[in-house]
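Only one structure is covered here, and it is reproduced in the block below.
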Amino acid sequence: MIKFKINAFFLLMLFQANLSFAEEAKDPLQEFLSDFKSMEANFVQSLINENGEELERTEGILHLQQPGKFHWSYEIPYTQKIISNGDVLWVFDEDLEQLTIREMGNAIDETPAGIILGNNDISEHFIQVNMGIIEDHDWIELTPKNLEAQYKNIRLGFENTTLGMMIIVDNLGQTTRIDFLDIKKNTDISSSLFEFKIPEGVDVIDERHALITESE
């Protein structure tokens with residue numbers, strides 16, 4: 001059976017609902033970001049194809065911290081870690097014993113991770129529509145201005161000032177839905193969680209070196 005790996009922050013669900021728009025909609029994203037320092041939560045993530053069929057369901061834990069740090073850990077049904085200290089990105093596939101290392105640079109600014117961390121001027125990279133309350137969540141939709149972006153839109157659902165759900169549709173018609181559970185906002189998180197120590201015996205693909213070689 002083919003394993004469909006979901007990389008929620010970089011390739012990311014089609015949300016179907018009857019929309020009700022408030023006349024004077026507040027901006028739940030800015031309310032969330034106004035006092036955001038860190039966040040930790042469990043998550044359940046589903047990948048759905050263009051026919052509405054669920055291809056895969058995964059579970060794990062995420063940690064976010066300003067400025068630009070995240071630790072996204074898939075634990076069920078496979079183990080994969082996506083970690084960044086704000087400067088370097090590590091993607092570790094434990095099943096394949098393979099590690100990919102990349103420079104973060106400004107690449108995060110146009111991603112869902114960058115949106116949650118408040119790393120960018122939203123209006124610079126996205127067209128935002130406030131959708132109002134749908135099924136107990138206050139929704140916004142973000143459409144990337146970059147025509148080469150790997151996703152069509154991102155929808156974020158908030159409960160008060162807490163991020164409860166993320167829904168993303170990619171350019172292949174596949175949808176990713178992420179439900180955040182047991183959310184803790186602005187807790188103390190050890191900075192060591194956003195660093196990665198390379199285990200012995202793993203294959204390392206260091207794309208930073210490739211970039212240096214090409215520029216030379």
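Quick notes on this one:
The rows are residues; the columns are (1) modelled with pLDDT under 90; (2) surrounded by 11 or more Cβ atoms within 10 Å (Cβ to Cβ); (3) within 18 Å of the chain's Cα centre (by Cα).
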| site | (1), (2), (3) |
| --- | --- |
| 137 | no, yes, no |
| 165 | no, yes, yes |
| 171 | yes, yes, yes |
| 176 | no, yes, yes |
| 189 | no, yes, no |
| 206 | no, yes, no |
| 212 | yes, yes, no |
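- Identity of the residue in the range 150-162, touching a helix residue (DSSP H, G or I) at 6+ places or on another chain (Cβ under 6 Å) and at pLDDT 90 or above, that ends up farthest from residue 46 (Cα to Cα): 158
- Residue 51 under 26 Å from residue 125 (Cα atoms) and at pLDDT below 95: no
- When restricted to residues that are under 19 Å from residue 27 (Cβ atoms) and surrounded by 20 or more Cβ atoms within 10 Å (Cβ to Cβ), the range 143-157 contains 5.
- Taking the range 27-137 as the region of interest, the strands (runs of 3 or more DSSP E) fully inside it that hold 2 or more residues being among the small types (Gly, Ala, Ser) are 38-48.
- The range 116-130, residues that are among the hydrophobic types (A, V, I, L, M, F, W, C) and at pLDDT 90 or above: 127, 129
The values are calculated or read from the model by the stated rules, or taken from the named source; none is laboratory data. Bear in mind the structure is a predicted one, so any value in this text is a computation, not a measurement. Reconstructed Cβ throughout: ideal geometry from the backbone, glycine too, with neighbour counts over all protein chains shown.
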